[in-house]
Amino acid sequence: MADTHPVHDHVGGLLAGKRGLVLGVANNRSIAWGIAKSAAAHGAKLAFTYQGDALKKRVEPLARELDAHVVGHCDVTDPASIDAVFAAAAEVFPEGIDFVVHCIAFSDKDELTGRYVETSEANFTKSLLISCYSFTAVAQRAEKLMPNGGSLLTLTYYGAEKWMPHYNVMGVAKAALEASVRYLAADLGPSKIRVNAISAGPIKTLAASGIGDFRYILKWNEYNAPLRRTVTIDEVGETATYLVSDMSKGMTGEILHVDAGYHVVGMKNPEAPDLSLDKD
Ligand SMILES: NC(=O)c1ccc[n+]([C@@H]2O[C@H](COP(=O)([O-])OP(=O)(O)OC[C@H]3O[C@@H](n4cnc5c(N)ncnc54)[C@H](O)[C@@H]3O)[C@@H](O)[C@H]2O)c1
């Protein structure tokens, strides 16, 4: 029988006493930042990585706002840099870590417009490496720092499940990422490590600015999602806090949609105005 959960466990916040590593903050519009803010507000101690010196300058002041550590540069195409940030995380958190948040994706912008069938082998390989395999690479390192179990979280998009305009190779990468959530959940479950994903609705971030007709996509979601709006990084953050907290301790291998309900819609809302492709 599952043990009961005393209410006093949550005194000081849902994540009180938990330590987490956050990969993928680029700026204050990043989904990873929304997650970090919520996790810190719920009592977590955090460590951030950054990709390259340009983002270091943005990540360091954000980390200071949350009294968080910065454990260095991580480019997931360079395995040594992944090792280095996990080694640094083990130093700042000698007791181990409780959760890792992976908010990393990349595709050549030129291939996020036009037809998927034109995808080059080089961009296919790079997009899958950065947007999918990196989560598995992170899980390999995280497992070693989670002797008592933990929670791994990644970010996906509905373009994994259905065709979306311009999402192209990213849709294929996200489908593979979602499948890897299930395989990792099965592998790591016996070690009490849970693996889940949030499928977020479209949000205007640096990465999203690479997707063709993104403003049109946002508007379409606003008019057609059941809640008649898009979602915020703070809302994704709150769900992420739930997924890395003990509140969700019976869940693994799950993909939760935080998309104002868009994933249940099968057809345009008849009351929604027609949209033109003038990009506003
Ligand atoms: N914005 C959206 O509409 C949306 C919707 C659903 C899912 N997502 C997913 O959310 C995640 C975060 O994206 P975001 O929208 O917050 O954008 P963002 O640009 O703020 O974050 C993307 C991050 O990926 C990192 N990254 C890219 N290549 C990397 C590499 N080689 N090594 C290490 N890091 C690398 C960047 O440094 C950046 O921090 C991504 O997985 C994205 O696909 C975004």
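Values computed for the structure shown
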read-out: One residue from R182, R194 being touching a Gly at 6+ places or on another chain (Cβ under 9 Å), assigned to a strand (DSSP E or B) and modelled with pLDDT of 95 or more; value: R194
read-out: Residue in segment 129-137 that is outside any helix (DSSP H, G or I), β-branched (V, I, T) and touching a Phe, Trp or Tyr at 6+ places or on another chain (Cβ under 7 Å) present; value: no
read-out: Residue match in segment 174-192 (condition: under 18 Å from C74 (Cα atoms), out of contact with any strand residue (DSSP E or B) (no Cβ under 8 Å at 6 or more places or on another chain), more than 14 Å from the ligand (Cβ to nearest atom) and touching a residue at least 24 places away in the same chain (Cβ under 8 Å)); value: no
read-out: Matching residues, segment 143-173, being away from the ligand (no atom under 15 Å from the Cβ) and of a type in the set (G, A, S); value: G149, G150, S151
read-out: Extreme residue, surrounded by the fewest Cβ atoms within 10 Å (Cβ to Cβ), among residues of segment 19-37 that are near the ligand (Cβ under 7 Å from one of its atoms) and in a loop (DSSP other than H, G, I, E, B); value: N27
read-out: Residue that is within 19 Å of K37 (Cα to Cα), within 11 Å of the ligand (Cβ to nearest atom) and in contact with a strand residue (DSSP E or B) (Cβ under 9 Å, 6 or more places away or on another chain), where the choices are V100, V59; value: V59
read-out: All positions within segment 60-97 that are farther than 22 Å from A139 by Cβ and part of a helix (DSSP H, G or I); value: E60, P61, L62, A63, R64, E65
read-out: Condition met for I203 (within 13 Å of the ligand (Cβ to nearest atom) and part of a helix (DSSP H, G or I)); value: no
read-out: Identity of the residue in segment 103-131, small (G, A, S) and within 16 Å of the ligand (Cβ to nearest atom), that ends up surrounded by the fewest Cβ atoms within 10 Å (Cβ to Cβ); value: A122
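Yes/no per residue for (1) surrounded by fewer than 23 Cβ atoms within 10 Å (Cβ to Cβ); (2) touching an Asp or Glu at 6+ places or on another chain (Cβ under 9 Å); (3) farther than 20 Å from L46 by Cα:
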site	(1), (2), (3)
G159	yes, no, yes
P165	yes, yes, yes
V169	yes, yes, yes
G201	no, yes, yes
R215	yes, yes, yes
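The values are calculated or read from the model by the stated rules, or taken from the named source; none is laboratory data. It should be emphasised that the depicted structure is a prediction, and the values quoted were computed from it without experimental measurement. Note that we place each Cβ from the backbone using ideal geometry, even for glycine, and neighbour counts take in every protein chain shown.
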